[in-house]
1. Figure the gain on full extension for Glu31 and Lys14 (residue separation times 0.36 nm, minus the Cα-Cα span) and round it to one decimal in nm.
2. Compute the FRET efficiency between Asn6 and Glu39 as 1/(1 + (r/R0)^6), taking r as their Cβ-Cβ distance and R0 = 35 Å, and round to the nearest 0.05.
3. If you project the alpha carbons of the range 1-78 onto the principal axes, what extent comes out on each, in Å, largest first?
4. For Ala22 and Val47 in the same chain, what is the full-extension length gain: residue separation times 0.36 nm, less their Cα-Cα distance, in nm?
5. Between Val56 and Ala69, what is the label-point separation in nm under the 7 Å Cα-to-beta-carbon projection?
6. Cut-off under 27 Å on the C-alpha distance; same-chain residues fewer than 8 positions from Lys84 excluded. Which lysines are left, in chain and number order?
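Bear in mind these aren't lab numbers, they're just calculated from the coordinates by the rules spelled out. Keep in mind it's a predicted model, so treat the numbers as computed, not measured. Note that we place each Cβ from the backbone using ideal geometry, even for glycine, and neighbour counts take in every protein chain shown.
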Amino acid sequence: MSTGPNRIMDDFAKLMTDAAGAAQGVRREMEAAFNAHAERWLNSMDVVKREEFEAVREMAIKARDENDALMKRIEALEAQLAAKPKASRKTDSSAD
């Protein structure tokens, strides 16, 4: 059994350890309460979550790429269509 100054130091060390544990518990409770409050506040504001934003962003990029590819195909088809009547007109006029 500890006596004298050693016992006082042991008791003080135990007290500090218990205080540190209690402080960590309070910190965890405060963080949980803050996170819950912040989440409620963000939900009430209709803020989009990061995952949802990234999903929509990827969809927009894909749609833009598809749109660009379709525009190139349309331009190529229009160029072919514009070239055909000229060629057929030359053939028709040379037959006269």
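1. Working: separation 17, 0.36 × 17 = 6.12 nm, distance 2.57 nm.
Additional length available on full extension: 3.5 nm.
2. Numbers: r = 49 Å, r/R0 = 1.41.
Taking R0 as 35 Å, the efficiency between Asn6 and Glu39 is 0.10.
3. 100, 27, 12
4. On the way: separation 25, 0.36 × 25 = 9.00 nm, distance 3.50 nm.
Taking 0.36 nm per residue and subtracting the Cα distance, the gain is 5.5 nm.
5. Computed distance between label sites Ala69 and Val56 equals 2.5 nm.
6. Cα-Cα hits under 27 Å: Lys72.
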